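Right, one structure below, let's go through it.
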Amino acid sequence: MNGKELCVDVAGASTGGAARFRSELLGYVAAHAETTVRVIGLSRPISAPWLVQREAVAGRSARLAVNNVCFVGPGRKTVLLRNALHFLRPAEQQDYLDKLPGMAAQTRIVH
């Protein structure tokens, strides 16, 4: 992989919003053969051996850790912090807003 590619670690993303994100990411990657996204950590728990191994697997690519455990090696690193409300579909968002008027549908993202 090179610096223009993205390596996404989904280890431990087996329930809730993380699992939904993983599922939708895999659907996107499958539908876009030209994508430069590589998904790693499928069906893996988060463990010390995996965290060491993924550094070698990711190489020098940009990296995204869905499991909130940051990469330490070279390359741009991003940790995805989220909750279930970050992955609302439009119909779900409207239903949520109707039930809780005055509430923000999305928390602010800090970069």
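The values are calculated or read from the model by the stated rules, or taken from the named source; none is laboratory data. Keep in mind the model is a prediction, meaning the values are calculated, not measured. So basically every Cβ, Gly included, is an ideal-geometry build from the backbone, and we count neighbours across all protein chains shown.
Applying the selection to the stretch 58-100, what residues are hydrophobic (A, V, I, L, M, F, W, C) and either in contact with a Cys (Cβ under 9 Å, 6 or more places away or on another chain) or modelled with pLDDT under 65 (or both)? If you could, list the steps in order and put the result at the bottom.
Here is the first cut: in the stretch 58-100, the residues hydrophobic (A, V, I, L, M, F, W, C) are 58, 62, 64-66, 69-72, 79-81, 84-85, 87-88, 91, 97, 100.
Within the stretch 58-100, ALA58, ALA62, LEU64, PHE71, VAL79, LEU80, LEU81, ALA84, LEU85, PHE87 qualify.
If you take just the strands (runs of 3 or more DSSP E) that sit entirely in the stretch 1-74, which of them hold at least 3 residues that are surrounded by fewer than 18 Cβ atoms within 10 Å (Cβ to Cβ)? Give the derivation first.
Numbers: elements: 6-9, 37-40, 62-65.
Answer list for the stretch 1-74: 37-40.
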